[in-house]
2 protein chains.
Amino acid sequence: MIRTAMKDKTMVPHLTTALTGPLLDLERRFLENETTVERWLRKQWLEHTPPFYASVDLRNAGFKLAPVDTNLFPGGFNNLNADFLPLCVQATMVAIEKICPDAKSVLLIPENHTRNQFYLMNVARLSVILRHAGLNVRIGSLLPEITAPTPIDLPDGQQLVLEPLQRIDNGRRLGLKDFDPCAVLLNNDLSAGVPEILRNVHDQFVIPPLWAGWHVRRKSAHFAAYRDVALSFASELGIDPWLIDPGFEVCGEVNFHERTGEECLAVNVDTLLNRMRVKYKEYGIEAEPFVIVKADAGTYGMGIMTVKDASEVKQLNRKQRNKMSVVKEGLQVTEVIIQEGVPTVERVNEDTAEPVVYMIDRYVVGGFYRVNSARGIDENLNAPGMRFEPLAFSTGCSLPDARLDPDAPANRFYAYGVVARLALLAASLELERAAPAETA
Amino acid sequence: MIRTAMKDKTMVPHLTTALTGPLLDLERRFLENETTVERWLRKQWLEHTPPFYASVDLRNAGFKLAPVDTNLFPGGFNNLNADFLPLCVQATMVAIEKICPDAKSVLLIPENHTRNQFYLMNVARLSVILRHAGLNVRIGSLLPEITAPTPIDLPDGQQLVLEPLQRIDNGRRLGLKDFDPCAVLLNNDLSAGVPEILRNVHDQFVIPPLWAGWHVRRKSAHFAAYRDVALSFASELGIDPWLIDPGFEVCGEVNFHERTGEECLAVNVDTLLNRMRVKYKEYGIEAEPFVIVKADAGTYGMGIMTVKDASEVKQLNRKQRNKMSVVKEGLQVTEVIIQEGVPTVERVNEDTAEPVVYMIDRYVVGGFYRVNSARGIDENLNAPGMRFEPLAFSTGCSLPDARLDPDAPANRFYAYGVVARLALLAASLELERAAPAETA
C-alpha cells in the first residue's frame, strides 16, 4: 500500500496545512477501529439497501470532517483515477446481481446537457463501466429534438449515441426501438419534475427510484437521516457526533423576490451560529463560524451564499436576491436550508480544494479533489464559470495503513471513505422514508 | 484503460510470439461477446456458490487456452500487483457478507511451512486483505511446536504471529486463547488428511469445506466438472469446447515401485495422444502432442512427467519411478491423471512463462506470470529449486478494450480471467458433487 501511495507523487495533492488538531484524533480513531467501522457498516447494510450509486462532497476542516452534499445521480465518473476502474466494474457487478441478475440490458437516461462535453464524458464512462459489468447499455434521451439515433463525438475520440426514449410493451415499459431493458438507470436528477414518459412504468426497475429526484428530495431530509446515522456511528466509536455531523436549520416558505421569510432565515442563521460558537469554544477553534444558505432542493452550485451574521440575510440587494431565488431549470426557491459551514483545509498546491467520494452499491470506488483557485475556504467550490480542476485520488479508500501517519494519503482517503459511506447510509434511510406508501 | 495498460511498460510481459492462429479468434470471440460471457457467468452464480478463493494455472498455446490446475487454497497473494489490492478487499467484503455478515473475527489456518518466507508473505497479505475487509484476523497453527503466540519477522519488515490452534466452547468450535472466530479460513490444502483438531467442528463456518482438501480432492473430478462447464459455455458462444478444455484420462491403481498399472497408463497415454493428433490435424497444428502424467491428488509440482509416447511410461528407470511415486508429505501416488499437454507460448523476455489467475468469491482480483528459465514450453513450471520469478499482471482482467488488438495485455488478461472463472465454476460444481450427504 505504501508503494501504491508513493508511486505517483504527482497525483498526491500537496497539503499545505499540517493538521495537528482534533481531526488527526478522528482519523486515528477510524484507523484504530477499522474492524469496528467496517463491521458496523456491514451490519447496517443488512437492514438497508444502498442506492445504486452516489457521490458525496466532503469538507475537512481539520477539526471536523463532514459531508455537505450527497448526489444520487452522480456525474464526474470520468474524473476518477482510471486505475480504479476495475473497482467500479466489480462493484457494479455486485449491484446488478441484486437488481436483475438475469439481465443483459440496461437503459441509461442522462441529463439533457448535450453540449457539456465533460458531462458526456461521464455518461461515456458510466457506459463503459456497465458494459464491462456485463450489460448491453444504450442511452435514452429525454430531449424532444432527439428523434433518431444521434451520434456525438467526444474529445477523447469516443462516441456516444443518444436515442429517442419511448414507451414499449403497450406503454408499460421504457425502452428504445428494438431495445427492451431490464433496468433503467437514471443519471438525471429530475430537478424539473418527472417527465410524463417516465411515469407509471411497470415491471421494470428504475434506479435510483423516481423519489430520489430533486423534484421531491430535500437536503434537510438527507441531513436529518445523516444526523441519525452519525449519532449511532459516533456512539459505536465513542466520539462526539459533532465531529462528523454538520448542523442545519430549515425555512420552508421563503420568497427572495417578495422578501418574505427573511425573519425565519435570520433567526435560524443566528441559532445555528450560536450553536457553532459553543462547539468552537469547546474545541478551542479560533475561526469565525459561518453558515451556508442554499436551496433545500438540488442546486448545481446555484443559489448558494456564505453568511457570517444574521443581518446579512436581511440586507440582500436585488442582485443577490435574484441569484438566490432560482436554481437549475429556472425553478423558484421557496425552501431553504441553513447548513453549518465547514471550512476546508485541503489545498492542491495553493488552491482551495474539497474531496468528492464516489460509491457504487456499498463500495467506495474512488474520488477526486474539486479544486477552485478563485474561491476561499468558506465558499462553495462547485461554482459555474470558475476553473474547475478535478484531481483524482492517488490511492484507494480501502487500504489504510496504521504504520503511516493518520494524515498520510491512504489514511486520509480511508477517513473520507468512511464518512462518505455514512452519508450513503443516510441516503438509504432518506429514500426509505420518502418511498411512496404502495412501495413500502 | 489504454493508459493503465501503457503506463508501466516494465510490467507488461514481452511476448516474443506473435499470435495469429485460432487463439486470436478465441480472444476476439470473448471480446465481441463480453456481455454474453458476463451474463452467462452471472446466471451460473445464481445456481452455484463460488469457493471463497482460488487460483488457476492457465496454459496459452496460441491455438488453445486452458486451465491445467485449480488451487482452492491459493498461496501467492503476495505476488499480485499491489495496485489491485482494493479489488481483493472489495471482493472479500462481498464474500464475507454471505458467510457471516455479523462477524468480526476470522481464524486463518496456514500451511506448516514456517521457514518458507515467500509463503509467509502470502499469509501476511491474506491477513491484510481480511483486515481491510473489516475482520479481526488471527493465525492458528497446526504445528505441535507452536505452544504459545510466536512472532515471525518477514523480509519486508512485517511480522506474523502464529498461535496454537485449540478447541474451545467445550470442544465444539475452533479458536485460540480468548478468540472465538465466526469463520475459519483454511490456507492449508490438507494433503496429509484432516488433522484431528479440525474434525467435527460445530456452529462455525470452515471455508473452503474440508472436502476441498487434497486428501479427498481429485484433479480428475475437477476436470470432469470443467468439461461440463466448457461444453455449456462453448455452446453459448458457438465455439469448439476443445479450444478451452484439456482432455484427460485416469488410472486408478498405479504403483510405480511395483510397476503395476503401467498397462493402464500406456493405453491411456496412447488414447489421449491419438485424440490430440486428430484435433491437431483439424486445426493444422504442426507441434508434436504431449501429455502430462501426474498424481490425481495435489502435487506441489512433484510427481509430474511429460510424455510424448506410450512406450515412455513402460521404460521408467528407478530414479524416475521414485520421483513419480511420492508427492507432498511423502504420500504414495496410486491414482494418476493423464492430462493433455498444453504448450505455453507466453514468454517473459526469453523465459518460459504461464499465467496464474487469482479469484476471491466470483471476482478476478489479479494474476501473475510464473516464469521459469530452466524449463521448456512443454514442461511443468511449478518446479522446486528452479528460479521462480512471478511477474504481476500490469492491468486488471475486467477491462478488455475492443479498440485494441485481441492480444493486447488488457484483452489477453480478460481472456485469461474468463477461462479462469470457468475453472472456478468447475470447482464449485466439483465441491457440490463431493459434499458429504448430510451437508447436501
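The values are calculated or read from the model by the stated rules, or taken from the named source; none is laboratory data. Owing to the predicted nature of the structure, the values given are computational and were not obtained by experimental measurement. Don't worry about glycine lacking a Cβ; one is built from the backbone with ideal geometry, like all the others, and counts go over all protein chains shown.
Numbers for the structure displayed
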| read-out | value |
| --- | --- |
| From the options A:Arg138, A:Arg131, residue that is basic (Lys, Arg), assigned to a strand (DSSP E or B), surrounded by 19 or more Cβ atoms within 10 Å (Cβ to Cβ) and touching an Asp or Glu at 6+ places or on another chain (Cβ under 9 Å) | A:Arg138 |
| Subset of the stretch A:245-266 [small (Gly, Ala, Ser) and either touching a residue at least 60 places away in the same chain (Cβ under 8 Å) or surrounded by 21 or more Cβ atoms within 10 Å (Cβ to Cβ) (or both)] | A:Gly247, A:Gly252, A:Gly261 |
| Members of the stretch B:150-207 found to be touching a His at 6+ places or on another chain (Cβ under 6 Å) and within 18 Å of B:Asn112 (Cα to Cα), listed by number | B:Leu190, B:Gly193 |
| Subset of the stretch B:122-140 [of a type in the set (A, V, I, L, M, F, W, C) and within 14 Å of chain A (Cβ to nearest Cβ)] | B:Ala124, B:Val128, B:Ile129, B:Leu130, B:Ala133, B:Leu135, B:Val137 |
| Residue in the stretch B:203-218 that is surrounded by fewer than 20 Cβ atoms within 10 Å (Cβ to Cβ), touching a Pro at 6+ places or on another chain (Cβ under 8 Å) and either in a helix (DSSP H, G or I) or without any contact (Cβ under 8 Å) to a residue 40 or more places away in the chain (or both) present | yes |
| Any hit, the stretch A:231-243, residues being touching a strand residue (DSSP E or B) at 6+ places or on another chain (Cβ under 6 Å), surrounded by 18 or more Cβ atoms within 10 Å (Cβ to Cβ) and of a type outside the set (Gly, Ala, Ser) | no |
| Filter pass, B:Leu87 being in contact with a Gly (Cβ under 8 Å, 6 or more places away or on another chain), over 21 Å from A:Trp40 (Cβ atoms) and at the interface with another protein chain (Cβ under 8 Å from one of its Cβ atoms) | yes |
| In the stretch B:141-163, the residues that are surrounded by fewer than 18 Cβ atoms within 10 Å (Cβ to Cβ), polar (S, T, N, Q) and more than 14 Å from every other protein chain (Cβ to nearest Cβ) | B:Thr147, B:Thr150 |
| Residue check, A:Val345 away from chain B (no Cβ under 14 Å), surrounded by fewer than 18 Cβ atoms within 10 Å (Cβ to Cβ) and in contact (Cβ under 8 Å) with a residue 24 or more places away in the chain | no |
| Filtered residues of the stretch A:272-298 (kept if over 21 Å from A:Ile244 (Cβ atoms) and touching a strand residue (DSSP E or B) at 6+ places or on another chain (Cβ under 6 Å)) | A:Val293, A:Asp296 |
| Lone qualifier among B:Phe118, B:Phe73 - being in a helix (DSSP H, G or I) and more than 14 Å from every other protein chain (Cβ to nearest Cβ) | B:Phe118 |
| Condition met for A:Gly366 (crowded, with 21+ Cβ neighbours inside 10 Å, within 14 Å of chain B (Cβ to nearest Cβ) and within 17 Å of the chain's Cα centre (by Cα)) | yes |
| Residues being without any contact (Cβ under 8 Å) to a residue 12 or more places away in the chain and touching a strand residue (DSSP E or B) at 6+ places or on another chain (Cβ under 6 Å) - total across the stretch B:33-77 | 1 |
| Residue count, the stretch B:99-129 (criterion: out of contact with any strand residue (DSSP E or B) (no Cβ under 7 Å at 6 or more places or on another chain) and either hydrophobic (A, V, I, L, M, F, W, C) or without any contact (Cβ under 8 Å) to a residue 40 or more places away in the chain (or both)) | 9 |
| Extreme residue, farthest from A:Arg370 (Cα to Cα), among residues of the stretch A:38-57 that are aromatic (Phe, Trp, Tyr) and not in a helix (DSSP H, G or I) | A:Phe52 |
| Scan of the stretch B:335-381 for residues that are assigned to a strand (DSSP E or B) and of a type in the set (Val, Ile, Thr), ordered by number | B:Val336, B:Ile337, B:Ile338, B:Val348, B:Thr352, B:Val356, B:Val357, B:Ile360, B:Val364, B:Val365, B:Val371 |
| Any chance B:Ser191 is of a type in the set (Gly, Ala, Ser), crowded, with 20+ Cβ neighbours inside 10 Å and either assigned to a loop (DSSP other than H, G, I, E, B) or free of Cβ contacts under 8 Å to residues at least 12 places away in the same chain (or both) | yes |
| Pick from the stretch B:90-115, criterion more than 7 Å from chain A (Cβ to nearest Cβ), in a loop (DSSP other than H, G, I, E, B) and not charged (D, E, K, R), ranking: farthest from the chain's Cα centre (by Cα) | B:Ala103 |
| Members of the stretch B:78-89 that are assigned to a helix (DSSP H, G or I), touching a strand residue (DSSP E or B) at 6+ places or on another chain (Cβ under 7 Å) and of a type in the set (A, V, I, L, M, F, W, C) | B:Phe84, B:Leu87, B:Cys88 |
| Residues of the stretch A:34-70 satisfying the condition of being within 14 Å of another protein chain (Cβ to nearest Cβ), more than 27 Å from A:Leu126 (Cα to Cα) and among the basic types (Lys, Arg) | A:Arg39, A:Lys43 |
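The rows are residues; the columns are (1) at pLDDT below 80; (2) surrounded by fewer than 21 Cβ atoms within 10 Å (Cβ to Cβ); (3) among the hydrophobic types (A, V, I, L, M, F, W, C).
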| site | (1), (2), (3) |
| --- | --- |
| A:Gly284 | no, yes, no |
| A:Gly298 | yes, no, no |
| A:Thr306 | no, yes, no |
| A:Val313 | no, no, yes |
| A:Gln320 | no, yes, no |
| A:Ile337 | no, no, yes |
| A:Val357 | no, no, yes |
| A:Ala374 | yes, yes, yes |
| A:Pro384 | yes, yes, no |
